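Heads up: the structure comes next, in structure tokens.
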Amino acid sequence: MNIILIGFMCTGKDAVGIRLAQKLGMKFINTDDMIVKKEKKSIPSIFAEHGEKYFRDVESGVLDTLSGQSNTVVSTGGGIVLMNENTEKLKNLGKVILLKASPEVINSRIYNIEDRPLLNIVDELERILKITQLLDNRSMMYTNASDVEIDTSDMSIDQVVENIIEAIK
Ligand code: S3P
């Protein structure tokens with residue numbers, strides 16, 4: 001079985017995914033890393049040079065290449081649910097866990113805004129507003145694509161890992 005982590009940027013998909021994979025003796029992969037490797041460009045460069053639509057097409061193509069995977073924790077890019085067809089692909093791949101967090105917590109967890117083209121907004125209040133808008137637009141898609149939802153706002157990485165293990169028992 002695979003475990004697929006979806007959710008907005010900075011909800012902990014990578015940190016949780018790496019620890020979950022270690023704990024369960026599973027492999028870990030990240031779809032953004034696969035895109036960067038395939039395109040030989042950083043995510044911000046792909047957005048700047050080709051636009052978001054192009055990025056989404058590459059992201060969806062990368063998801064297709066995962067269909068043979070097993071015993072893997074897959075951390076996905078926060079916008080992977082934006083393409084309708086990806087919902088089915090994610091579900092076919094394994095158990096889909098949605099990680100959530102409040103806009104304020106998401107904002108506080110952003111390490112470098114330049115790494116995240118959609119949140120590269122210098123003014124903090126404007127950035128929180130943008131996060132809120134994107135979350136509102138996506139919330140239904142996240143819920144539709146997931147089997148389990150976990151709010152990580154007040155949890156440590158280990159607590160989220162334990163919650164996932166409990167949920168998939
Ligand atoms: C995006 C999330 C990013 C990355 C890209 C777009 C999004 O991944 O795929 O910047 O639209 O939410 P992370 O969720 O890993 O930051």
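The values are calculated or read from the model by the stated rules, or taken from the named source; none is laboratory data. Keep in mind that what you see is a predicted model, and the values were worked out from it rather than measured. We place every Cβ from the backbone using ideal geometry, glycine too, and count neighbours over all the protein chains shown. For accessibility, only protein heavy atoms count, side chains too; no ligands or nucleic acids. Shrake-Rupley method; radii C 1.70, N 1.55, O 1.52, S 1.80 Å.
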Working with all protein chains in place, sort 9, 1 by solvent-accessible area computed with a 1.4 Å probe, largest first. 1, 9
Over every pair of different alpha-carbon atoms in the stretch 1-79, take the mean of 1/r and invert it; report that Kirkwood radius in Å. 13.0 Å
Ignoring ligands and nucleic acids, residue 122 exposes an accessible area, probe 1.4 Å, in Å² to the nearest 10, of 130 Å²
In the Gaussian network model of the chain, springs joining C-alpha atoms below 10 Å, which of 61, 94, 17 carries the largest mean-square fluctuation? 61
Once you put a point 7 Å from the Cα of residue 109 and another 7 Å from the Cα of residue 157, both along the Cβ direction, what distance in nm separates them? 1.2 nm
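Report D for the stretch 73-152 in µm² per second (integer): Stokes-Einstein, Kirkwood Rh on Cα pairs, 37 °C, 0.692 mPa s.
Details: Rh = 13.6 Å.
In µm²/s, the coefficient rounds to 242.
What's the local net charge at residue 145, with K and R +1, D and E -1, over the other residues with C-beta under 15 Å away? Can you show the working numbers first?
Numbers: positive: 13, 56, 89, 91, 95, 100, 138; negative: 59, 85, 88, 147, 149.
Charge balance in the 15 Å sphere: +2.
Accessible area per residue, 1.4 Å probe, Å², for the chain: what's the number?
Details: 8620 Å² over 169 residues.
Normalised by residue count, the accessible surface of the chain is 51 Å².
Quick check on the chain: take the gyration tensor over C-alpha atoms, sort the square-rooted eigenvalues as a ≥ b ≥ c, and tell me if it's rounded (a/c under 1.5), prolate or oblate. Could the numbers behind the result be given before it?
Values: a/c = 1.60, a/b = 1.16, b/c = 1.38.
Taking the square roots of the gyration eigenvalues as a ≥ b ≥ c, the chain is oblate.
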